[in-house]
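Below is one structure, written out as structure tokens, with a few remarks after it.
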Amino acid sequence: MAAIFEFPASNIARGIHSYTLEMGQRKPNCELQMSIGHYGGYFIRTKIELSGRGIKLVGSDNGTHRYKVTDLAFEKLKQQYSISHESILD
């Protein structure tokens, strides 16, 4: 059986890391979690406090913040943080 290594979020490469739970893939330990909005933009979940143009706080609970982010702001976040995205099979 192969060993499983958990890397700290700060050691994971910047950019988007997609995974599919239905295929047995594990969720990467990234700094931000991303989902795509139905009417445009992106939703981000993180414990990091984000601010700036195009980033709006939607809510927070138990230390986890939820943000709605515009396309341009998301492009900048991709360059600064590691982001996980769950791909769901239909």
Positive-end residue, the chain charge dipole about Cα centroid, Cβ charges, pick of Ser51, Ile83, Gln25: Ser51
Karplus-derived 3J(HN,Hα), 6.51/-1.76/1.60, for each residue of the range 64-77, Hz, glycine and proline x: 9, 9, 10, 10, 9, 10, 6, 4, 5, 5, 5, 4, 6, 5
Coordinate range along principal axes, alpha carbons of the range 14-86, Å, largest first: 36, 27, 25
³J(HN,Hα), Karplus 6.51/-1.76/1.60, whole Hz, each residue of the range 33-38, x for Gly, Pro: 10, 10, 9, 8, x, 5
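Could you give the size of the charge dipole of the chain about its Cα centre, using +1 on the Cβ of each K and R and -1 on the Cβ of each D and E, expressed in debye and rounded to the nearest 20?
With only Lys, Arg, Asp and Glu charged at Cβ, the dipole is about 300 debye.
The numbers here are math on the coordinates, done by the rules we state, and not lab data. The model shown is predicted, which means the values in this text are computed figures rather than measured ones. Don't worry about glycine lacking a Cβ; one is built from the backbone with ideal geometry, like all the others, and counts go over all protein chains shown.
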